[in-house]
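Trainee: First the structure, which I've put down as structure tokens, then a few questions once you've had a look.
Computed from the coordinates by the stated procedures, all read-outs in this text should not be read as laboratory data. From a predicted model like this one, the values you see are computed outputs, not experimental measurements. Positions of Cβ are backbone-derived with ideal geometry, glycine not excepted, and every protein chain shown enters the neighbour counts.
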Amino acid sequence: MNKNLMLISVYPELLSHCSCLKADSIKSLFQSDLTRFQSMTVSVAGLLLDYSKNQVTDETLRLLLQLAKECGVATVRDAMFSGQKINVSENRAVLHTALRSSRSESIFVDGEDVILRIQSVLDRMQSLTQKVLSGEWKGYTGKRITDVVNIGIGGSDLGPRMVVRTLRRYWLDAVKVHFVSNVDAHDLESVLDRVNPETTLFIVSSKSFTTKETIMNAQSARQWFLDSGADVADVRKHFVAVTANVDEAESFGVHEANIFPMWDWVGGRYSVWSAIGLPVMLAVGVNHFMEFLSGAHTMDVHFREAPLERNMPVLLALIGIWNRNFLGYHTLAVAPYHEDLFVFSRWLQQLEMESNGKGVQKNGEPVTCETSPVILGNTGTNGQHSYFQLFHQGTDICPVDFIAVLKPSHSFDKHHAVLLANCFAQAEALMRGADPQKAKEYMLAKGIPAERVESLLKQTQFEGNRPSNMIVMNELRPETLGALMALYEHKVFVQGVIWNINSFDQWGVELGKALATNIHKELTGEAVFEHDSSTAGLIELAKAAL
Ligand code: F6P
């Protein structure tokens, strides 16, 4: 425990195993074990993870599991669930799992049972939701609320935005939910153009209530609201806040009764399960929100109780460690084959890269191994027609997490088989590569002259041996989405433990914020700072234009 990967005793064994295994392609591993699919799948909470299309054997997994044990994954996991302050650099507990646990549990932080607090906020969220959806909550001219605008950024935007988008089938349509995140006011303007101040409820979502983008957007929205003829006293009917900084929200003008607290033990990118999920509850209703929490809870229970060798988040994490630290792959693509998961890769980018994009260990020493891969992705089949070319033939190998949903929720009955066929075919093609003999026969059959076939064959080479995971669910429902998100949260956690980094802070984002404050002062003529010639030149250009 508390050691970087390379100092773990099983590491040299893993390294030598890796150099031996490189000779065995994934395709050959399938040929030598016909039961590979059965032995390399695990199911829980409505999800099936097939990790058989990775360059791993039972021996690889045995060694990786040994690594997880030696790194103390189970001990740190239990410390997290029990409320110990594992976010050491901020001296905070990490308890997003408590937000989806049952009412009967007790979890103490600093001597206080957090479950009671969570339940009381959930009750308040339900009450607001019922009032808004039933029309009991009235705007300043006595009309019911028709639109909800969430103003937040990072975890205060991406979680609820992704979940609302994904659960499109469950929208109640009593209100339309919109999201504004970017300080670029084209974002705010495009939403305000579509809503009416008399019937719009703004949710200002910011754990800190100091995030510049959010506060500026909230102030501009408030001004827009007042400019429509409303009084300052009306602000309380149109602005609610979700924050850990209740004082700042009150000074902004949100009435105390409309401030939904969150706590320092909920990280921004893990916060959709808290009152930050209010837009989700308003979009899909209380029951579906509860189902979403309960799906995540099922994954939590599994993560806590299943043996490491059958533990889905642990296995997904270890495959990621293998690909990143032993096979040396720098990126990870996520390809959900369901259009409603359109925002999923953006949510995952923050989760993985803000959590584990770290170069310093928990003890302050530099890390001695690679940490988070770069995450990218888009829904299938769209990605296939843009960057999948590189996945198949590029000089870098990019492992892919495919997400397949077996049953569609639309009624165009011919489409779904085509979609699934594409999803499975991509994973198969990445693993198998092209058979030159078959390619030759195919081209000859198409009438391509033999001399051209020879030269074309070189171009059409696919070596294959490119790894992927397949996550399959029967249907995209609130519970399965909750479970899927919790799966990735715990995967990120396990990898953070193995890399000995703190997955719950984000000091790297601070420098840019500080420099932006200075540059802003320069753009508005309040101060001058020293810069390199590029930055200085760009500031001059902007000053001339502003
Ligand atoms: O700048 C990064 C960050 O702190 C994220 O971690 C967080 O999700 C986001 O900004 C928004 O923070 P807040 O909810 O405090 O406005």
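Trainee: At what distance in nm do the modelled label points of ASP532 and ALA514 sit from each other, each positioned 7 Å from its Cα along Cα→Cβ?
Mentor: 1.8 nm
Trainee: Fully extended, how many nm does the chain gain between ALA545 and HIS255 (0.36 nm per residue separation, minus their Cα-Cα distance)? Before the final figure, lay out the partial values.
Mentor: Numbers: separation 290, 0.36 × 290 = 104.40 nm, distance 3.96 nm.
Separation in residues times 0.36 nm, less the Cα-Cα distance, equals 100.4 nm.
Trainee: While we're looking at this one, here's another question. DSSP loop (so not H, G, I, E, B), at most 16 other Cβ within 10 Å: list which trypsin sites (Lys or Arg not before Pro) in the stretch 329-427 pass both filters. Numbers along the way, then the final one.
Mentor: Details: sites: ARG346, LYS358, LYS362, LYS414; in loops: LYS358, LYS362, LYS414.
Hits after loop and neighbour filter: LYS414.
Trainee: For GLU90 paired with PHE462, estimate the spin-label separation in nm (one decimal), with each label point 7 Å from Cα along the Cα-to-Cβ line.
Mentor: Those two pseudo-labels are separated by 4.3 nm.
Trainee: Return the lysines within reach of LYS407: Cα separation strictly under 24 angstrom, same-chain partners fewer than 8 residues apart disregarded; answer none if there are no such residues.
Mentor: LYS53
Trainee: What is the ratio of the Cα radius of gyration of the chain to 2.2 N^0.38 Å, with N the residue count, to two decimals?
Mentor: Values: Rg = 25.4 Å, N = 546, 2.2 N^0.38 = 24.1 Å.
It is 1.05.
Trainee: With a length cut of 27 Å (Cα positions projected on each helix's long axis) and a Kyte-Doolittle mean of at least 0.0, go through the chain and give me the DSSP H helices that pass. Each step should come with its number before you reach the end.
Mentor: On the way: long enough: 114-134 (30 Å, 0.41); 286-305 (28 Å, -0.19); 478-499 (32 Å, 0.63).
Long hydrophobic helices here: 114-134, 478-499.
Trainee: Then there's this: Where Lys and Arg each count +1 and Asp and Glu each count -1, what net charge lies around LYS446 among other residues with Cβ under 13 Å from its Cβ? Provide the component values of the computation, followed by the final result.
Mentor: Details: positive: LYS438, LYS440, ARG452; negative: GLU441.
Residues close to LYS446 contribute a combined charge of +2.
Trainee: Would you kindly state how much longer the chain becomes between GLN219 and ALA450 on full extension, computed as 0.36 nm times their sequence separation minus their alpha carbon distance, in nm to one decimal? Intermediate results must be reported in sequence, preceding the final value.
Mentor: On the way: separation 231, 0.36 × 231 = 83.16 nm, distance 6.95 nm.
In short, 76.2 nm is gained.
Trainee: By a straight-distance test (C-alpha under 28 Å), which lysines pair with LYS131 as possible cross-link partners, with residues fewer than eight away in the same chain excluded?
Mentor: LYS143, LYS176, LYS207, LYS237
Trainee: Let me ask you something else. Grab the beta carbon distance between LYS22 and HIS385, set R0 = 30 Å, and tell me the FRET efficiency rounded to 0.05.
Mentor: Numbers: r = 32 Å, r/R0 = 1.05.
E(calc), rounded to 0.05, equals 0.40.
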